[in-house]
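Asks: This is the structure I have questions about; it appears just below.
The values are calculated or read from the model by the stated rules, or taken from the named source; none is laboratory data. A quick note: this is a predicted structure, and the numbers were derived from the prediction, not measured. Glycine also receives a Cβ, built like all others from the backbone with ideal geometry; neighbour counts cover every protein chain displayed. We work out accessible area using only protein heavy atoms, side chains counted, and drop any ligands, DNA or RNA first. Shrake-Rupley method; radii C 1.70, N 1.55, O 1.52, S 1.80 Å.
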Amino acid sequence: MLFYFDVGFAFTANQEQGAGILWRVSGNGLKSDSYILGTEHDVPVSFLDSLKGFSEIWAKVTHVVTETETANILDSLHNGHFAILKKFNTKTVKPIAYPLPNMKYKDLYTESQLAFMDRILNPFVISGMKVADKSPLQLWYQYNNLKQFSLKNKSQDKVSMKNPLDFFKNAMDAMLERRCKAEGKRHVKLEDFFVATDALDKVDVLADSSFNLHEQADILYQCMLYEAKSKDKLHVDKLENAYQDKNFAKFSDGYMHQHDYINSLNLTSTLKEKLFQYEKKRIEIIGENRTLNWMDKILAEINAAPTLVAVGINHLIGEKGLIHLLRQYGYTIEPVK
């Protein structure tokens with residue numbers, strides 16, 4: 001789903017001390033300023049009410065650019081449209097982390113190891129999801145994403161891990177699209193939903209081609225041990241706090257170190273290096289390459305009219321992030337304070 005795509009490399013934090021998540025784009029012949037908003041796809045739209053200057057900026061812009069048509073996808077999910085999306089529909093199925101027959105997890109782990117991992121994973125298994133269809137490394141990222149959503153939405157009432165749609169009823173991306181269309185602003189999507197899901201499919205193929213099943217099983221188990229012992233919880237809390245504080249430098253620095261846990265895993269040095277290389281390639285596929293592919297549309301819109309570009313905050317980070325790329329094109333990018 002769309003919310004898996006918040007990825008990127010670290011920005012040079014000391015260059016942007018005090019910067020927030022809302023940026024002004026000016027210069028290089030622009031007739032009027034445009035703006036960049038770093039979103040988190042599952043954060044409620046009410047968060048924008050606390051963002052200084054956002055209401056004034058919203059009144060100024062006539063074009064709104066988002067990653068894809070989130071609102072339409074969510075409506076389709078709710079209404080059961082599009083056969084390819086039916087796998088996301090919730091069903092009343094008893095969540096069992098290891099139904100076993102396809103991937104044969106029972107052949108990869110001892111009973112005590114399975115019981116240990118099941119206690120951690122089971123609360124984050126979506127109803128209807130067949131974990132046995134997922135290889136161990138795919139399952140790890142599935143868990144990590146759902147865990148992040150749970151932490152971000154822990155203050156909301158009646159948020160169910162068994163129904164992922166509950167996270168997005170008032171999420172900012174979809175609500176921005178709805179507000180845009182309701183107020184007659186031009187909405188532009190940067191890519192089709194199926195282009196985004198294709199990137200996920202490529203990452204799945206990469207995982208299964210980079211590691212054999214036993215290597216993946218070892219990685220998953222060691223990650224679960226780390227998760228059970230770690231107080232940082234993969235830096236999820238730190239990243240969320242940085243975003244809520246609207247501190248771009250802190251968020252970037254936290255993202256840069258979020259894979260440090262790999263060095264703490266009880267894996268061979270060779271397997272650790274393979275995992276680091278996989279992470280790097282994964283970020284290229286689902287983050288950096290997509291950002292680069294968006295640039296022509298973004299440039300066209302900001303040159304045509306005052307525009308708000310609202311994309312996942314991690315697409316703003318690093319040398320292949322939106323802020324650096326626009327500066328390379330000659331635009332002035334500065335935080336809105």
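Asks: What does the accessible area per residue of region 267-333 come to in Å², with a 1.4 Å probe and no ligands, DNA or RNA counted?
Replies: Dividing the accessible area of region 267-333 by its residue count gives 40 Å².
Asks: Test of the criteria: in region 267-333, which GluC sites (Glu not before Pro) are in a DSSP loop and have at most 13 other Cβ atoms within 10 angstrom of their Cβ?
Replies: In loop regions of region 267-333 (DSSP not H, G, I, E or B), the sparsely surrounded GluC sites (Glu not before Pro) are GLU319.
Asks: Considering only protein heavy atoms and a probe of 1.4 Å, how much of the accessible area of region 171-214 is carbon and sulfur, as a whole percent?
Replies: Carbon and sulfur together cover 53 percent of it.
Asks: Just to check I understand the Karplus step: with θ = phi - 60° and J = 6.51 cos²θ - 1.76 cosθ + 1.60, what whole-Hz values come out for region 310-315, glycine and proline as x?
Replies: Along region 310-315, the couplings run 10, 9, x, 4, 6, 6 Hz.
Asks: What whole-number value in Å² describes the accessible area per residue of region 21-61 for a 1.4 Å probe?
Replies: Spelled out: the 1.4 Å probe surface of region 21-61, per residue, equals 39 Å².
Asks: Might you tell me the accessible area per residue for region 167-224, computed with a 1.4 Å probe and given in Å²?
Replies: With all protein chains present, region 167-224 gives 44 Å² per residue.
Asks: Another question about this same structure. Expressed in nm to one decimal, what extension gain is obtained for the pair GLU111 and GLU183 from 0.36 nm per residue of sequence separation less their Cα-Cα distance?
Replies: 20.2 nm
Asks: Between ARG119 and LEU206, what is the label-point separation in nm under the 7 Å Cα-to-beta-carbon projection?
Replies: With each label placed 7 Å out from Cα toward Cβ, I get 3.4 nm.
Asks: While we're looking at this one, here's another question. Residue by residue through region 209-221, what is 3J(HN,Hα) from phi via Karplus (6.51 cos²θ - 1.76 cosθ + 1.60, θ = phi - 60°)? Round to whole Hz and write x for glycine and proline.
Replies: 8, 8, 9, 6, 4, 6, 5, 4, 4, 5, 4, 4, 5
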